[in-house]
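Let me give you the structure first, and then I'll get to my questions.
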Amino acid sequence: MPSARFFGGGDQANYVRYLKGTPVNTLLDGHVRAGKPIGGTSAGLAILGAYSYGAMDGGSLLSADAMPNPLGPGVTLVRDFLHMPFLTEVITDSHFGIRERWGRLIIFVGRLATEEKNAGITGIGIDEKAALCVEADGRGRVYSIGRGFAWLVRPMRAPDAVEARPFNFRNVPVVGIGEEGAIDLKTFAVTRPAFALRVNIVNGAFDEASLAALKAAAATPAGAASGVKGGWALAIHGGAGVIERGDLTPAKEAAYRAGLNAALAAGREVLAKGGSSLDAVEATIRVLEDDPLFNAGRGAVFTAEGRNELDASIMDGATLKAGAVAGVTRTRNPISLARAVMEKSPHVMLARDGADQFSVEQGLPQVSPDYFRTEERWQQLLDWRRDHAAELDRTHSRGTVGAVAVDVNGHVAAGTSTGGMTGKRWGRIGDSPVIGAGTYAADGTCAVSATGSGEYFIRTSAARQVCDRIAWHGEAVQSAASATIANIGEIGGDGGVIAMDGTGHIAFAMNSSGMYRGWVTSSVPAATAIYSNEPGP
């Protein structure tokens with residue numbers, strides 16, 4: 001075999017008819033397994049994914065014809081032809097923006113997700129003046145003559161229905177990758193996207209706003225990329241764990257989202273006025289600590305002895321200074337006490353009676369221990385006491401709050417606060433107050449706050465690990481966050497992280513069914529999510 005294979009344009013139906021299932025097909029698969037390069041353009045590009053549009057009817061399907069009937073005779077999908085690494089769940093398309101093939105690719109993805117029962121089906125469209133080059137490690141870069149992008153369509157869900165009638169699929173994410181960006185095809189994380197859209201197909205057509213956004217994106221100047229340079233960004237969490245749809249009543253879900261939005265509003269007010277990321281993180285977490293829904297501050301869970309013992313930490317990415325407290329019992333807002341440790345003591349962490357004494361000396365607001373008691377958390381303790389066999393119960397799914405931010409000066413900060421886990425004993429301290437495990441921030445690299453089974457986050461240095469992956473290996477923030485959570489899962493841990501790189505790109509990663517979370521930036525309005533399959537920023 002030669003060192004490379006390249007498929008030219010023409011009619012992809014002929015590639016399918018004359019090569020699929022033949023010895024040549026076997027040789028091509030062997031060529032790829034041997035690590036040798038392969039590529040294609042136009043029709044040759046369209047056959048490179050695990051799935052492809054075969055044009056088997058002899059025509060060239062238009063989006064306007066596909067969307068009114070996703071089961072129409074022109075929607076011919078081919079399976080089990082070529083077998084490319086990193087493209088096992090991918091369908092590719094070409095001549096993308098100029099021929100407005102957005103609609104047909106979304107049809108392909110939605111139909112395959114339904115028929116294959118695989119929500120991970122992903123579409124990648126390539127513009128005429130662009131090429132996506134994928135390295136052996138799965139990292140892809142775009143090269144362009146003038147203006148051209150790779151378009152990522154990855155809804156991570158199937159449409160409600162795929163029937164012989166006008167198609168409906170709302171809130172579909174479409175991300176553009178230009179020459180300034182990159183994509184990791186192992187995780188489909190995108191670094192420095194040129195644009196990120198949410199589009200709707202309604203009754204067999206794009207709604208007006210979606211079509212306008214797609215056309216505007218296609219005209220995005222080459223080299224443009226999203227980010228918050230000169231702007232600001234904030235991301236928050238309220239705990240990760242077992243949170244399935246149906247676990248929460250509509251009223252309870254609305255209350256959680258309202259609490260997240262209130263915290264986002266507090267941080268946004270600081271950042272929008274040019275305030276520091278450190279101030280924003282503290283202000284945001286104080287709101288979550290005051291909300292009894294969250295396991296921090298007033299909503300803290302009980303120890304086995306029926307006490308509320310609170311932990312918190314905060315870190316300034318500009319100076320690498322940090323402060324933390326563990327086992328405090330009378331400070332209304334432990335995050336403010338952690339900041340006082342950072343700024344008004346020579347230490348990084350204070351614990352229990354000494355931390356309580358330091359809080360009083362610093363004049364921070366004090367409360368009676370009864371302030372932290374809520375009936376829901378007390379009932380959770382009683383439930384735990386009836387079943388000592390369980391090391392962790394489902395209540396840890398709603399534990400810990402955190403925030404990460406970047407301000408207009410490019411400085412990052414992170415903070416985390418928690419009541420720990422129900423029934424904790426012997427002065428147990430988890431990851432939340434441990435710098436490098438539950439919290440970490442460094443300008444130009446990242447800011448991270450973690451939530452979950454803390455012992456595992458300590459053992460993997462989770463927060464620092466995310467930052468090290470970015471700093472040492474050049475990973476995108478989403479890739480780094482996802483890989484860290486995978487590392488935690490490998491040793492039996494569960495939970496999630498929120499992370500932000502030095503330019504304000506936000507990532508959420510979890511190996512649980514949900515995480516209370518939210519985000520807002522200088523260019524993106526506030527939004528919240530709870531369940532793992534909800535779209536992110």
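The values are calculated or read from the model by the stated rules, or taken from the named source; none is laboratory data. No experiment lies behind these values; they were computed from the predicted model shown. Note: ideal-geometry Cβ built from the backbone for every residue, glycine included; neighbour counts use all protein chains shown.
Inside region 36-51, can you point out the residues that are crowded, with 19+ Cβ neighbours inside 10 Å and without any contact (Cβ under 8 Å) to a residue 60 or more places away in the chain?
First, the residues of region 36-51 that are crowded, with 19+ Cβ neighbours inside 10 Å: 40, 43-51.
Of everything in region 36-51, those that are crowded, with 19+ Cβ neighbours inside 10 Å and without any contact (Cβ under 8 Å) to a residue 60 or more places away in the chain turn out to be Gly40, Ala43, Gly44, Ala46, Ile47, Leu48, Ala50.
For region 239-279, name all the residues that are modelled with pLDDT of 95 or more, under 23 Å from Ala300 (Cβ atoms) and buried (at least 23 other Cβ atoms within 10 Å of the Cβ).
Scanning region 239-279 gives Gly259, Leu260, Ala263, Leu264, Gly267.
Between a first residue in region 131-144 that is farther than 16 Å from Gly176 by Cα and a second residue that is charged (D, E, K, R) and loosely packed, with under 11 Cβ neighbours inside 10 Å, which pairs have beta carbons less than 9 Å apart while being 6 or more apart in sequence or on different chains?
none
Against the definition (at pLDDT 95 or above and assigned by TED's automatic domain parsing to the domain that holds Thr187), how does Ile124 come out, yes or no?
Numbers: at pLDDT 95 or above: yes; assigned by TED's automatic domain parsing to the domain that holds Thr187: yes.
Criteria met by Ile124.
Since Thr26 meets every condition but one in (1) surrounded by fewer than 15 Cβ atoms within 10 Å (Cβ to Cβ); (2) assigned to a helix (DSSP H, G or I); (3) touching a residue at least 24 places away in the same chain (Cβ under 8 Å); (4) not aliphatic (A, V, I, L, M), which condition does it not meet?
So the condition that Thr26 fails would be (3).
If a residue has to be in contact with a Lys or Arg (Cβ under 7 Å, 6 or more places away or on another chain) and more than 16 Å from Ser449 (Cα to Cα) to count, how many in region 479-494 make the cut?
Total meeting the criteria: 1.
Could I ask something else about it? Inside region 353-375, can you point out the residues that are in a helix (DSSP H, G or I) and in contact (Cβ under 8 Å) with a residue 40 or more places away in the chain? Steps first, answer last, please.
Our first condition is that a residue be in a helix (DSSP H, G or I); within region 353-375, this holds for 353-361, 369-372, 375.
Result: Pro369, Tyr371, Phe372.
Please indicate, with yes or no, whether at least one residue in region 328-348 is at pLDDT below 85 and either out of contact with any helix residue (DSSP H, G or I) (no Cβ under 9 Å at 6 or more places or on another chain) or not hydroxyl-bearing (Ser, Thr, Tyr) (or both).
First pass over region 328-348, keeping only residues at pLDDT below 85: none.
No, because not a single residue in region 328-348 is at pLDDT below 85 and either out of contact with any helix residue (DSSP H, G or I) (no Cβ under 9 Å at 6 or more places or on another chain) or not hydroxyl-bearing (Ser, Thr, Tyr) (or both).
For region 288-321, which positions are surrounded by fewer than 24 Cβ atoms within 10 Å (Cβ to Cβ) and hydrophobic (A, V, I, L, M, F, W, C)?
Within region 288-321, Leu293, Ala304, Ala318, Leu320 qualify.
Got a sec? Which of Gly40, Gly21 is at pLDDT 90 or above and in contact with a Phe, Trp or Tyr (Cβ under 9 Å, 6 or more places away or on another chain)?
Details: Gly40 fails: at pLDDT 90 or above.
Exactly one residue qualifies, and that residue is Gly21.
Does Ile458 satisfy the criteria of being out of contact with any strand residue (DSSP E or B) (no Cβ under 7 Å at 6 or more places or on another chain) and at pLDDT 95 or above? Before the answer, list the steps.
Values: out of contact with any strand residue (DSSP E or B) (no Cβ under 7 Å at 6 or more places or on another chain): yes; at pLDDT 95 or above: yes.
Yes; evaluated as a whole, the condition is true for this residue.
If a residue must be crowded, with 24+ Cβ neighbours inside 10 Å and closer than 17 Å to Ala283 by Cα, how many such residues does region 337-363 contain?
Initial filter on region 337-363 (crowded, with 24+ Cβ neighbours inside 10 Å): 337-339, 341, 350, 355, 359.
The next check asks that each one be closer than 17 Å to Ala283 by Cα; those that pass are 337-339, 341.
The qualifying residues number 4.
Let me ask something else about it. What's the total number of residues in region 370-411 that are β-branched (Val, Ile, Thr), out of contact with any strand residue (DSSP E or B) (no Cβ under 7 Å at 6 or more places or on another chain) and modelled with pLDDT of 85 or more? Spell out how you get there, then give the answer.
Just the residues of region 370-411 that are β-branched (Val, Ile, Thr), to begin with: 374, 395, 400-401, 404, 406, 408.
Now drop any that are not out of contact with any strand residue (DSSP E or B) (no Cβ under 7 Å at 6 or more places or on another chain), which leaves 374, 395, 408.
Now drop any that are not modelled with pLDDT of 85 or more, which leaves 408.
Total meeting the criteria: 1.
For the structure I just gave you, tell me whether Arg170 is modelled with pLDDT of 90 or more and within 30 Å of Pro73 (Cβ to Cβ).
Numbers: modelled with pLDDT of 90 or more: yes; within 30 Å of Pro73 (Cβ to Cβ): yes.
Yes.
If you don't mind, there's one more thing I want to ask. State which residue is nearest to Ala119 (Cα to Cα) when the search covers only region 71-86 and only residues that are touching a Ser or Thr at 6+ places or on another chain (Cβ under 9 Å) and either in a loop (DSSP other than H, G, I, E, B) or of a type in the set (Val, Ile, Thr) (or both). Talk me through it step by step, then tell me what you get.
Within region 71-86, the first condition is being touching a Ser or Thr at 6+ places or on another chain (Cβ under 9 Å), and the residues that meet it are 74, 77-79, 81-82.
Checking the rest, the ones that are also either in a loop (DSSP other than H, G, I, E, B) or of a type in the set (Val, Ile, Thr) (or both) come to 74, 78, 81-82.
Working: Gly74: 23, Val78: 18, Phe81: 21, Leu82: 21 Å.
Filtering region 71-86 for residues that are touching a Ser or Thr at 6+ places or on another chain (Cβ under 9 Å) and either in a loop (DSSP other than H, G, I, E, B) or of a type in the set (Val, Ile, Thr) (or both), the one nearest to Ala119 (Cα to Cα) comes out as Val78.
Considering only region 447-476, state which residues are out of contact with any Lys or Arg (no Cβ under 6 Å at 6 or more places or on another chain) and either touching a residue at least 60 places away in the same chain (Cβ under 8 Å) or of a type in the set (S, T, N, Q) (or both). Reasoning before the result, please.
First pass over region 447-476, keeping only residues out of contact with any Lys or Arg (no Cβ under 6 Å at 6 or more places or on another chain): 447-474, 476.
Passing the criteria: Ala447, Ser449, Thr451, Gly452, Ser453, Thr460, Ser461, Gln465, Ala476.
From the set of residues in region 443-453 that are crowded, with 22+ Cβ neighbours inside 10 Å and among the small types (Gly, Ala, Ser), which is farthest from the chain's Cα centre (by Cα)?
Taking the candidates together, the pick is Ser453.
I'd like the full set of residues that are assigned to a loop (DSSP other than H, G, I, E, B) and either among the small types (Gly, Ala, Ser) or touching a Cys at 6+ places or on another chain (Cβ under 7 Å) (or both), limited to region 128-164.
Our first condition is that a residue be assigned to a loop (DSSP other than H, G, I, E, B); within region 128-164, this holds for 128-129, 135-138, 145-149, 154-164.
Within region 128-164, Ala136, Gly138, Gly146, Gly148, Ala158, Ala161, Ala164 qualify.
Only residues in region 148-168 that are closer than 18 Å to Asn203 by Cβ and in the same structural domain as Gly178 (by TED's automatic domain parsing) count as the first member; pair them with residues that are assigned to a loop (DSSP other than H, G, I, E, B) and of a type in the set (A, V, I, L, M), Cβ under 9 angstrom, at least 6 apart or cross-chain, and list the lot.
If the second residue must be assigned to a loop (DSSP other than H, G, I, E, B) and of a type in the set (A, V, I, L, M), the pairs left are Val162/Leu71; Glu163/Leu71; Ala164/Leu71; Arg165/Leu71; Pro166/Met67; Phe167/Met67; Phe167/Ala161; Asn168/Ala161.
OK, next. Which of the residues belonging to region 80-113 are among the hydroxyl-bearing types (Ser, Thr, Tyr) and surrounded by fewer than 18 Cβ atoms within 10 Å (Cβ to Cβ)? It would help to see each step written out before you state the result.
To start, the set of residues in region 80-113 that are among the hydroxyl-bearing types (Ser, Thr, Tyr) comprises 88, 92, 94.
Passing the criteria: only Thr88.
Another one. Does Glu163 satisfy being of a type outside the set (Gly, Ala, Ser) and surrounded by 15 or more Cβ atoms within 10 Å (Cβ to Cβ)?
Numbers: of a type outside the set (Gly, Ala, Ser): yes; surrounded by 15 or more Cβ atoms within 10 Å (Cβ to Cβ): no.
No; evaluated as a whole, the condition is false for this residue.
A follow-up question, please. Consider Phe96 against the criteria (1) aromatic (Phe, Trp, Tyr); (2) over 27 Å from Ala164 (Cα atoms); (3) not in a strand (DSSP E or B): it satisfies all of them except one. Which criterion is unmet?
Of everything listed in (1) aromatic (Phe, Trp, Tyr); (2) over 27 Å from Ala164 (Cα atoms); (3) not in a strand (DSSP E or B), Phe96 misses just condition (2).
Still on this structure: Which condition number in (1) farther than 25 Å from Leu310 by Cα; (2) within 13 Å of the chain's Cα centre (by Cα) is the one that Val497 fails?
(1)
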